[in-house]
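Report on the structure given below.
The values are calculated or read from the model by the stated rules, or taken from the named source; none is laboratory data. None of these values were measured; they are calculated from a predicted model. Positions of Cβ are generated from backbone atoms using ideal geometry, with glycine treated the same way; all protein chains shown enter the neighbour counts.
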Ligand SMILES: Cc1cc2nc3c(=O)[nH]c(=O)nc-3n(C[C@H](O)[C@H](O)[C@H](O)COP(=O)(O)O)c2cc1C
Ligand code: SF4
Ligand code: SF4
Ligand code: FES
Ligand code: FES
């Protein structure tokens, strides 16, 4: 097949629909290796978008390339947990063996090696992606073998299968991870709550919502969700029942009564991997929760926005969806109810943390750059395609399915009075048993640490870089919305770890992931990164630290979205709690060396091959 | 009934400002002759909310005034020392992010970024320059693009899309690598259908989109903001720049 035939086949499969651009670009790149200028033109013409807009989308996402980046593209996950497991040495080793500079493509166009934001394998690192397939547990031996395979141009299919194995590492389960629900149980329970023979919908093509008045089932299911007091598990903690109710009652003026359910599986917060495990171990629970949401709000279409790093889950998840269709749990007449229609499609992201933010996610789902929208209006009234849309986290949907089956009262009895239910924690870093731990809300950090075999703990980063960093004095605090809210990450640091380096890693993360829409976040995150690098290089001063505080205030005040608001948290927390880690590195506490003449001469020294005393301006003490 | 005729008002820095339903804080303020600094806002386009120069405090909480709908009784702080300081920081960030050599820039004196910097008393760029590598595009017979000065306000994107219906401009990249691109496979302006009569020609607040061969028609010193500060002449009515590009 010629390249243009390949592109056209993909375009046809997606009905030349521009809102499917992300999928079109990914599939095209998977087949052709990269997105050449002529490729983008062809796609733009077919979907009838301005070419520049297509290029704008392609240029936004880390996993799309508009220039060739090698037949093998190796991306090392560069979270602090990968760092702690030695990924820097392994990357260096790989580059040396391939005669390659990190970030560059080899001259024969064979391979490039670079870093990427956390790939969600923190409990089994050092991790990497090769041609966007996840590889775990890298070792020096694996690096050597991998270099051989790349040199011999062995297809990925011939690489050792165990390299691509991703373990669930479920160490403690509770209601979600231990549930014994059969597919369809929750849906049948929903339907049973309505009148035995719910009123027939007038036509299969009409939305279920149109029969809502006649059938009390959806309203009764909503009552259970509200009664449960379930709050969102994605970080912000909005009450799920209220969100669903608002979407269900959002007025649609123009006669288009479509509503949408979106499952946020972007899971980009470094240190978080519980959604990956839920989608691996409990996909039915998640899909069932989405279907319950569709039933409640009257939506007939759902999307899972799955982060590009989890590409390997696409085929297994599609297989589960196909099975559920065959079981009558998706499609038309679900659970035997005429008029109850719902289906789910999986959309892959392409390497952009910001797409976890719900309005950026929706933009991406529409094929655009993942830039957060101006709000109001909110997705519950103006979401996907400007229709009322529920966006919830993977874990929120899983809990919803259980609530639909076992009732809100039951769920409310678990956890604390303000935080009902359980929370799944993704634990990594300095502990013997990293992995997945599900606890009822209200559990203290001090209870979790011994359970995962953590000793001599110095600090815990809860909820990822955008969350909070706590020290020993705070371990009595609880995981709960009323104390320490969390999207699920817990990265543990023992007393040998340098908390400055932890914060510096996070500063690099935010600078790399800022969408660049607003000035404070776009420029400020890069300035922060530079401040941290300056301190690391020994050129920092008290002034640099003040600068960080200043930029922090600006980001808090003027940023467009949560990324900017939280981008300074790691620096702020560690400066407050681990100040010596910074001060140790300051050149002097009150003088600013903004320009170091001697180091400016380093390049000249390198070029002339000199490093004698006479080639230095000052003798370092 | 009498309420119908009573003007609804809100407060900016203690002063009563009337507004019409559906207006944003920025629109109502400008209509009433109250200046709030802005770069990405333009009365003809849907507010964008990206430059954040227009950040104010509403009942004590920060907000973007160009996207915020007014409500009666809102108390807005704008000209406070704290907010001016933050706006100066934002300007400094915009200056170091690009390459702005005002003395040799054709837009000097007509440039809103420069004018705001004067108005807010920005004395230095403060931060280390990024010195990005942004080659100019001189491929169009009549138009020069100097990307070095782009502040990514997307006004040209909006004008070319919404008014000219040509979509000549768009943004690509992400974060600090975000940049303006043009609508052609070669990436060159000369291969687009841009023309000097496009509205996109006249909306750029800085000196990116320039007409060739008309440089310095108005001498420096007699330009729009050379004598009167931007805060005292902020209508976006046709100005020296517009006339000059026609
Ligand atoms: C920068 C940023 C990244 C986010 N990433 C995620 C994410 O990866 N997964 C997620 O569920 N929510 C994420 N959120 C929160 C979502 O915007 C949204 O609140 C959430 O998906 C709602 O679902 P919930 O109510 O079930 O928590 C993020 C928010 C921000 C500001
Ligand atoms: S665009 Fe404005 S700020 Fe930039 S160089 Fe020109 S005059 Fe100076
Ligand atoms: S070229 Fe001018 S109008 Fe266009 S985005 Fe850049 S600064 Fe704004
Ligand atoms: S880019 Fe998201 S906060 Fe500015
Ligand atoms: S003018 Fe309001 S954000 Fe730019």
If residue B:62 meets every condition in (1) part of a helix (DSSP H, G or I); (2) within 24 Å of residue A:531 (Cβ to Cβ) apart from one, which number is that one? (1)
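Results for (1) free of Cβ contacts under 8 Å to residues at least 60 places away in the same chain; (2) surrounded by 24 or more Cβ atoms within 10 Å (Cβ to Cβ); (3) outside any loop (DSSP other than H, G, I, E, B), shown as yes or no for each residue.
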| residue | (1), (2), (3) |
| --- | --- |
| A:255 | yes, no, no |
| A:280 | no, no, yes |
| A:299 | no, yes, no |
| A:321 | yes, no, yes |
| A:325 | yes, no, yes |
Please go through region B:129-151 and pick out each residue that is away from ligand 2 (no atom under 12 Å from the Cβ), in a loop (DSSP other than H, G, I, E, B) and out of contact with any helix residue (DSSP H, G or I) (no Cβ under 8 Å at 6 or more places or on another chain). B:131, B:133, B:138, B:142
Quick check on residue B:43: is it under 21 Å from the mean Cα position of the chain (by Cα) and part of a loop (DSSP other than H, G, I, E, B)? yes
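So which helices (runs of 4 or more DSSP H) stay within region A:371-463 end to end and still have 2 or more residues that are at pLDDT 95 or above and touching a helix residue (DSSP H, G or I) at 6+ places or on another chain (Cβ under 9 Å)?
Working: elements: A:394-406, A:408-412, A:445-451.
Once the helices (runs of 4 or more DSSP H) in region A:371-463 are filtered for at least 2 residues that are at pLDDT 95 or above and touching a helix residue (DSSP H, G or I) at 6+ places or on another chain (Cβ under 9 Å), what remains is A:394-406, A:408-412.
Okay, residues lined up against (1) surrounded by 23 or more Cβ atoms within 10 Å (Cβ to Cβ); (2) within 16 Å of ligand 4 (Cβ to nearest atom); (3) modelled with pLDDT of 95 or more; (4) closer than 21 Å to residue A:379 by Cα:
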site: A:241; (1), (2), (3), (4): no, no, yes, yes
site: A:262; (1), (2), (3), (4): yes, no, yes, yes
site: A:265; (1), (2), (3), (4): yes, no, yes, yes
site: A:269; (1), (2), (3), (4): yes, yes, yes, no
site: A:275; (1), (2), (3), (4): yes, no, yes, no
site: A:290; (1), (2), (3), (4): yes, no, yes, yes
site: A:294; (1), (2), (3), (4): yes, no, yes, yes
site: A:316; (1), (2), (3), (4): no, no, yes, no
Looking only at region B:155-177, decide whether some residue is away from chain A (no Cβ under 13 Å), within 19 Å of the chain's Cα centre (by Cα), in a strand (DSSP E or B) and under 26 Å from residue B:101 (Cα atoms). no
If only one of B:130, B:147 is under 30 Å from residue A:548 (Cα atoms), more than 11 Å from every other protein chain (Cβ to nearest Cβ) and away from ligand 4 (no atom under 16 Å from the Cβ), which one is it? B:147
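Can you list the strands (runs of 3 or more DSSP E) found entirely within region A:113-225 that contain at least 2 residues being modelled with pLDDT under 95?
Numbers: elements: A:128-130, A:133-135, A:170-172.
Result: empty, no element qualifies.
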Within region B:100-119, count every residue that is part of a loop (DSSP other than H, G, I, E, B) and either over 17 Å from the mean Cα position of the chain (by Cα) or away from every other protein chain (no Cβ under 14 Å) (or both). 8
Matching entry among B:89, B:93 (being within 9 Å of chain A (Cβ to nearest Cβ), surrounded by 20 or more Cβ atoms within 10 Å (Cβ to Cβ) and within 15 Å of ligand 3 (Cβ to nearest atom)): B:93
Counting only residues that are touching a helix residue (DSSP H, G or I) at 6+ places or on another chain (Cβ under 9 Å) and outside any helix (DSSP H, G or I), region A:3-33 contains a total of 3
Given the residues A:500, A:481, A:506, which is the only one that is away from chain B (no Cβ under 14 Å), within 23 Å of residue A:234 (Cβ to Cβ), assigned to a helix (DSSP H, G or I) and modelled with pLDDT of 95 or more? A:506
Checking the structure you have, find out if any residue of region B:47-68 is within 16 Å of ligand 2 (Cβ to nearest atom), closer than 21 Å to residue B:234 by Cα, in contact (Cβ under 8 Å) with a residue 24 or more places away in the chain and within 12 Å of another protein chain (Cβ to nearest Cβ). yes
